[in-house]
Amino acid sequence: MSKYIDSSRVFLDNPATSVEEVFAFLSDKAVELGIADDRDAVLEAFKAREALGSTGMHGGFAIPHAKTDAVKEAALVAVKFDNEIDWASQDGKPIKAAIALFAPASDPTTYLNLLSKVAVLLVNENFCWKFLSSSDVAEIATAVAAGL
């Protein structure tokens, strides 16, 4: 499996109801998982990136990303939501899941590489279907890792 994601970084049935709640959850998890050492810096990085343009994609997915010195190692976190999240998306539909990207500000190459690979995953209908229909964190982590 990829060094960027494993089953400990996949969360199902998240109760978030807004983009702000999603960012708060992801920022908390980044610190809990040892990905970052400053929750507030990660949260601000998510907000700053979103202010540049929505990270809502199509097909019910978003790719929020935080690039900051508070991030100690590049990582991905995958989340499926209990509710559809009203998130400005490319297809105008709500978000059901997110694959969040965390990267140190000092490593733009890894950041861009991961962002590109996750974006490519999201145009693969089989991947999207598997991700959204699965309730197995290991299966989801393996599917994401296979595309990296």
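As for the range 43-56, it holds at least one residue that is hydrophobic (A, V, I, L, M, F, W, C), touching a helix residue (DSSP H, G or I) at 6+ places or on another chain (Cβ under 8 Å) and over 21 Å from N126 (Cα atoms).
Determine, yes or no, whether A24 is closer than 17 Å to S116 by Cα and within 13 Å of the chain's Cα centre (by Cα). If you could, list the steps in order and put the result at the bottom.
Details: closer than 17 Å to S116 by Cα: no; within 13 Å of the chain's Cα centre (by Cα): yes.
No, not satisfied.
Which is in contact with an Asp or Glu (Cβ under 9 Å, 6 or more places away or on another chain) and among the basic types (K, R), of R49, R39? Give the derivation first.
Values: R49 fails: in contact with an Asp or Glu (Cβ under 9 Å, 6 or more places away or on another chain).
Result of the check over R49, R39: R39.
Let's see how each residue does on (1) among the hydrophobic types (A, V, I, L, M, F, W, C); (2) touching a Leu at 6+ places or on another chain (Cβ under 9 Å):
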residue	(1), (2)
G92	no, no
K96	no, yes
P104	no, no
V120	yes, no
E125	no, no
T142	no, no
A145	yes, yes
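Residue count for the range 104-148 under the criterion of being among the hydroxyl-bearing types (S, T, Y), in contact (Cβ under 8 Å) with a residue 60 or more places away in the chain and exposed (fewer than 15 other Cβ atoms within 10 Å of the Cβ): the result is 1. The set of residues in the range 38-61 that are under 13 Å from the mean Cα position of the chain (by Cα) and on the phi > 0 side of the Ramachandran plot contains only G60. Scanning the range 110-127 for residues that are closer than 14 Å to T55 by Cβ, assigned to a helix (DSSP H, G or I) and not hydroxyl-bearing (S, T, Y) turns up L114, L115, V118, A119. For the range 1-52, a residue qualifies if it is modelled with pLDDT under 95 and of a type in the set (K, R), and exactly one does: K3. One residue stands out in the range 72-83 among those that are modelled with pLDDT of 95 or more and out of contact with any Ser or Thr (no Cβ under 9 Å at 6 or more places or on another chain): the one that is surrounded by the most Cβ atoms within 10 Å (Cβ to Cβ), namely V79. Taking the range 79-95 as the range and being touching a helix residue (DSSP H, G or I) at 6+ places or on another chain (Cβ under 9 Å), within 18 Å of E50 (Cβ to Cβ) and in a strand (DSSP E or B) as the test, the residues that pass are V79, F81, I85, I95.
The values are calculated or read from the model by the stated rules, or taken from the named source; none is laboratory data. All figures in this text were calculated on a predicted structure; none of them were measured in a lab. FYI the Cβ positions are ideal-geometry reconstructions off the backbone, even for glycines, and counts take in every protein chain you see.
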